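Bear in mind these aren't lab numbers, they're just calculated from the coordinates by the rules spelled out. Here the structure is a predicted model, which means the values were calculated and not measured. Because the Cβ atoms are built from the backbone with ideal geometry, glycine has one as well, and the counts that use them run over all protein chains shown.
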Amino acid sequence: MTEDTVKPTPDTGLTLHRTVVLVGMMGSGKTAIGRALAARLDVAFLDSDAEIEKAANASIAEIFSRDGEDFFRDREAEVISRLLTGTPGVLSTGGGAFLAQRNRDAIAQLGVAVLLDADIDLLWSRVKHKDTRPLLRTANPRATLSEIYAARAPIYGLADLSVKADPDFSIEEMTDHVIEILLTRPEILEKTP
C-alpha cells in the first residue's frame with residue numbers, strides 16, 4: 001500500500017449503523033485502512049492495541065514480555081467489548097483478536113467483522129523491517145509468519161465480510177473496496193439521499 005498524500009474528505013452520503021471491526025493478520029493494513037475508512041465515513045477510528053497500551057502504560061511487546069499472552073488477551077477482550085458499545089465507528093484490532101470466540105461473539109452482536117485478506121508475501125513485505133511484532137521475535141520470522149498465517153486463516157475466514165488486498169492498491173483504493181463491500185449490507189452501511 002502506498003501512502004496517499006491527500007487527506008480524504010468525508011463521504012457524507014453514507015450512514016454507518018454498526019461498528020466496522022477490521023480483522024486480519026499483522027501487516028494486512030488494519031490501522032491504515034481503518035484510519036482512512038473512518039475519515040471517509042466521518043466516524044471515530046479506534047485501535048484496540050493502542051487502547052490497551054494506553055490503559056497499561058506499556059507497549060504490546062512489553063505487556064507480552066511482562067505479563068504473558070493470556071493476560072494480554074484478557075485485556076484485549078475487555079477493550080474490544082468496551083469499544084463496540086457506543087456510536088458506530090471503525091475499530092482496528094490486533095492480529096490475534098479475532099481468534100478468540102468471545103471476541104467473535106461480541107463483534108457479531110455489536111458490529112461487523114471485515115477481513116483484510118492479504119497473502120503471505122504481501123504481509124512479509126510489510127512486517128519484515130519492524131521490530132514491534134512480539135510473535136515474530138524468532139530465529140526465522142518469515143517461517144513463523146507463515147505458520148501463524150496457516151493457523152489463523154480458517155478462523156479469519158469466519159469474518160462476515162472479506163476484502164482481498166492487492167500490493168498495487170493505494171490506501172484509498174483499498175478503502176474504496178471496503179466501502180463497496182460494506183454497501184452490500186445496508187443494515188451496516190447505507191447510502192443516504
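Remarks
- Loop-located trypsin sites (Lys or Arg not before Pro) in the stretch 112-193 (DSSP state not H, G, I, E or B) with no more than 16 neighbouring Cβ atoms inside 10 Å: Lys128, Lys130, Arg137.
- Our summary gives the chain a relative contact order of 35 percent, counting only alpha carbon pairs under 8 angstrom and 6 or more residues apart.
- With respect to the chain, whose longest principal axis is taken over its alpha-carbon atoms, helix 101-110 is tilted by about 10°.
- Only the Cβ atoms of Lys and Arg (+1) and of Asp and Glu (-1) were treated as charged; on that basis the dipole of the stretch 15-183 about its Cα centre amounts to roughly 260 debye.
- Separation between Cα centres of the stretch 133-193 and the stretch 17-40, rounded to whole Å: 8
- Close Lys-Lys pairs in the chain, where close means Cα under 25 Å and separation is 8 or more or interchain: 12
- Near Gln109: Cβ cut-off under 13 Å, other residues only, Lys/Arg at +1 and Asp/Glu at -1. The net charge is +1.
- Residues listed by number, the stretch 43-57, amide nitrogen under 14 Å from Asp67 label point at 7 Å toward C-beta: 49-57
- Looking at the chain alone, DSSP beta bridges between its own residues are antiparallel in about 15 percent of cases.
- Helix-only mean residue ellipticity at 222 nm for the chain, each DSSP H run of n ≥ 4 adding -39500 (n - 2.57), per residue, nearest 500: -14500 deg cm²/dmol
- For the stretch 15-183, taking the reciprocal of the average inverse distance between every pair of different Cα atoms yields a Kirkwood hydrodynamic radius of 16.1 Å.
- The dipole here belongs to the stretch 104-193: it is taken about the Cα centre, uses +1 on the Cβ of Lys and Arg and -1 on the Cβ of Asp and Glu, and is about 540 debye.
- Share of alpha-carbon pairs per 10 Å distance bin for the stretch 66-110, given as whole %: 26, 58, 15, 1
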